[in-house]
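Written out below as structure tokens is the structure these notes cover.
The values are calculated or read from the model by the stated rules, or taken from the named source; none is laboratory data. Computed from a predicted structure; not experimentally measured. Note that we place each Cβ from the backbone using ideal geometry, even for glycine, and neighbour counts take in every protein chain shown. Surface areas here come from the heavy atoms of the whole protein model, side chains and all, with no ligands, DNA or RNA. Shrake-Rupley method; radii C 1.70, N 1.55, O 1.52, S 1.80 Å.
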Amino acid sequence: LVSVFVILGIFFTSSIGDVFGTIQNFIVTSFGWVYIVSVAFFLFFVIWLYFSPFGNIKLGKEDDLPEYRDRTWFAMLFSAGMGIGLLFYSVAEPILHIVEPRNSGMDNISIAKEAINLTFFHWGVHAWAIYIIVGLALAYFSYRHDMPLTIRSTMYPIFGDKIYGFRGNLVEIIAIFGTLFGVATSLGLGVMQINAGLEYIGIMSVSLRNQIVLIVIITIFATTSVVSGLNKGIRILSQVNVGLGAILILFVFITGPTVFLASSYVQSIGYYMQNLVALTFQTDAYRGVEWQSMWTMFYWGWWISWSPFVGMFIARISKGRTIREFIRGVLIAPALITFFWIIVFGNTAIHIELFGTGGISQVVQTSVPTALFVLLENLPVTFLSSLLATVVITTFFVTSSDSGSLVISILSSNGNPQPVVGLRFFWAILQGSVAAVLLLTGGLLALQTAALTTALPFCIVMILMCYSIVKGLRSEVRTTKLIEDTKINENEPEETSINRTKILVDNIFRNGGIKK
């Protein structure tokens with residue numbers, strides 16, 4: 001099916017572009033509220049799970065230890081979870097919210113505060129809560145109950161052995177499509193920005209043809225990385241990403257309005273927390289969905305379509321951590337770093353626009369991918385910083401592509417954590433092809449539509465996933481308590497007791513829990 005889409009996109013570019021526009025209008029008009037309610041539920045579900053007694057349950061056996069140190073774990077989380085998109089929008093989104101404010105009639109300072117707050121909202125805890133649900137479900141059912149590392153495994157408490165038939169196949173297909181188009185959306189954004197960076201440093205002009213060439217070149221590097229596996233190419237690239245990204249953000253922080261950035265970071269987090277609930281349930285019922293369709297609904301669709309990839313990836317690297325440790329690490333730490341990134345880049349741009357030479361808003365309205373490089377023009381050593389930014393975007397591009405290819409390969413090989421090289425190669429090439437077709441058939445609109453469309457069915461899967469998580473955890477807790485209450489022999493050796501407990505827990509869990 002994906003191959004057919006690629007072929008149709010190449011030969012019927014204009015027609016496919018028109019179809020994308022029609023699909024997006026239908027989804028945001030008819031189902032936009034579904035995204036709003038679902039994402040709100042996901043966030044509150046994660047918070048409830050964190051404070052529940054289930055938080056002490058380990059994602060793995062009781063003696064399993066984390067495979068990666070916290071620093072390496074976080075680097076891989078951040079690279080997979082945000083990456084290219086944050087580089088693309090951290091300058092552009094706040095400026096666009098200033099150019100076209102959501103609420104008219106405010107003064108410039110209030111508009112600037114609201115611009116940062118909306119950007120926080122779109123990139124904050126809601127996105128990571130979505131990732132947590134998929135990642136936690138995969139890790140729990142796979143590492144604690146020895147099921148395959150596949151999306152269908154997370155449905156076992158609901159469907160039982162039927163997950164190995166049509167229902168399970170349908171869930172896997174939805175997850176693969178979501179991952180493929182979600183990653184392709186990010187790759188499309190990334191290559192547009194890489195092209196803008198190369199033009200700024202005088203290497204390559206901006207054009208659709210050049211963007212396709214860049215996709216081909218970078219996909220080759222991504223394919224090489226994914227073939228080398230998780231512990232070599234992907235792990236090393238993730239650490240390189242974070243290292244180079246740290247250099248870039250520190251450069252902007254130090255050479256930009258440092259005191260203003262530090263002060264606004266603290267203030268903006270407070271303002272974000274103060275308005276979080278109201279923004280979470282905002283559907284613009286009285287004003288129309290035009291703004292929501294371009295911003296909040298697009299982001300929620302993007303994160304949901306991206307979640308099989310990120311969820312699988314963070315599950316793969318999170319074995320041995322408790323549910324509470326997992327939620328705390330994935331929800332809070334990446335969000336705080338994301339907020340700092342947005343403040344440094346977004347508020348530096350706002351400071352230039354409001355108190356400096358200005359001019360960023362005019363450029364951003366013409367070309368969103370150039371926003372970051374226009375910002376760097378206002379800081380010292382522009383050529384070097386622009387070159388560094390281009391390298392950072394490229395490494396994030398490669399990491400997103402190879403991580404996505406690995407995840408889709410795992411999904412399409414029944415949860416094999418080490419899929420064959422040929423399969424990884426195939427999905428890496430196909431990802432690049434889909435990104436190229438999306439650019440050909442509509443650019444940014446096509447990328448947004450792809451995210452929204454593939455997210456809708458997987459949103460339903462995620463709601464079922466939440467129910468399945470609770471059902472599985474309750475079955476395990478009840479079973480363990482029953483075993484403790486009916487211990488066979490007080491003098492039973494500890495090892496025998498542990499083995500018997502594990503067997504009973506797994507057997508009863510897989511048969512739908514304890515029944516009275």
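Below are the figures for this structure:
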item	result
Selected residue [within 20 Å of the chain's Cα centre (by Cα), surrounded by fewer than 20 Cβ atoms within 10 Å (Cβ to Cβ) and of a type in the set (A, V, I, L, M, F, W, C)] from Trp300, Trp295, Trp291	Trp295
Residues being assigned to a helix (DSSP H, G or I) and out of contact with any helix residue (DSSP H, G or I) (no Cβ under 7 Å at 6 or more places or on another chain) - total across region 163-195	5
Matching residues in region 209-230 - criterion: being open to solvent by 70 Å² or more (accessible area, probe 1.4 Å), modelled with pLDDT under 85 and out of contact with any Ser or Thr (no Cβ under 9 Å at 6 or more places or on another chain)	Val216, Ile217, Ile220, Thr224
Ile116 being over 30 Å from Ile469 (Cα atoms) and either of a type in the set (A, V, I, L, M, F, W, C) or open to solvent by 10 Å² or more (accessible area, probe 1.4 Å) (or both)	yes
Matching residues, region 101-136, being without any contact (Cβ under 8 Å) to a residue 40 or more places away in the chain and either outside any helix (DSSP H, G or I) or polar (S, T, N, Q) (or both)	Pro101, Asn103, Ser104, Gly105, Met106, Asp107, Ser110
The lone exception for Gln24 - which of (1) within 20 Å of Tyr299 (Cα to Cα); (2) at pLDDT 90 or above it fails	(2)
Out of Glu62, Glu67, sole residue that is in contact with a Ser or Thr (Cβ under 9 Å, 6 or more places away or on another chain), surrounded by fewer than 20 Cβ atoms within 10 Å (Cβ to Cβ), not aromatic (Phe, Trp, Tyr) and not in a helix (DSSP H, G or I)	Glu67
Pairs where the first residue, in region 421-434, is farther than 18 Å from Thr185 by Cβ and in contact (Cβ under 8 Å) with a residue 12 or more places away in the chain and the second is open to solvent by less than 40 Å² (accessible area, probe 1.4 Å) and of a type in the set (Gly, Ala, Ser), C-beta under 7 Å, 6+ apart	Leu423/Ser409; Leu423/Ser413; Arg424/Ser405; Arg424/Ser409
Failed criterion for Glu325 (all others in (1) without any contact (Cβ under 8 Å) to a residue 24 or more places away in the chain; (2) under 30 Å from Ser142 (Cβ atoms); (3) surrounded by fewer than 17 Cβ atoms within 10 Å (Cβ to Cβ) hold)	(3)
Residues satisfying the stated conditions in region 379-394, i.e. out of contact with any Gly (no Cβ under 7 Å at 6 or more places or on another chain) and farther than 17 Å from Ile203 by Cβ	Pro380, Val381
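Here is a yes/no grid of residues against (1) out of contact with any His (no Cβ under 8 Å at 6 or more places or on another chain); (2) touching a residue at least 12 places away in the same chain (Cβ under 8 Å); (3) open to solvent by 20 Å² or more (accessible area, probe 1.4 Å):
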{"residue": "Gln362", "(1), (2), (3)": "yes, no, yes"}
{"residue": "Leu375", "(1), (2), (3)": "yes, yes, no"}
{"residue": "Asn414", "(1), (2), (3)": "yes, yes, yes"}
{"residue": "Leu440", "(1), (2), (3)": "yes, yes, yes"}
{"residue": "Lys471", "(1), (2), (3)": "yes, yes, yes"}
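Conditions (1) open to solvent by 40 Å² or more (accessible area, probe 1.4 Å); (2) touching a Lys or Arg at 6+ places or on another chain (Cβ under 9 Å), marked per residue:
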{"residue": "His351", "(1), (2)": "yes, no"}
{"residue": "Leu354", "(1), (2)": "yes, no"}
{"residue": "Val368", "(1), (2)": "no, no"}
{"residue": "Ala371", "(1), (2)": "no, no"}
{"residue": "Pro380", "(1), (2)": "yes, no"}
{"residue": "Leu384", "(1), (2)": "yes, no"}
{"residue": "Leu406", "(1), (2)": "no, yes"}
{"residue": "Ile410", "(1), (2)": "no, yes"}
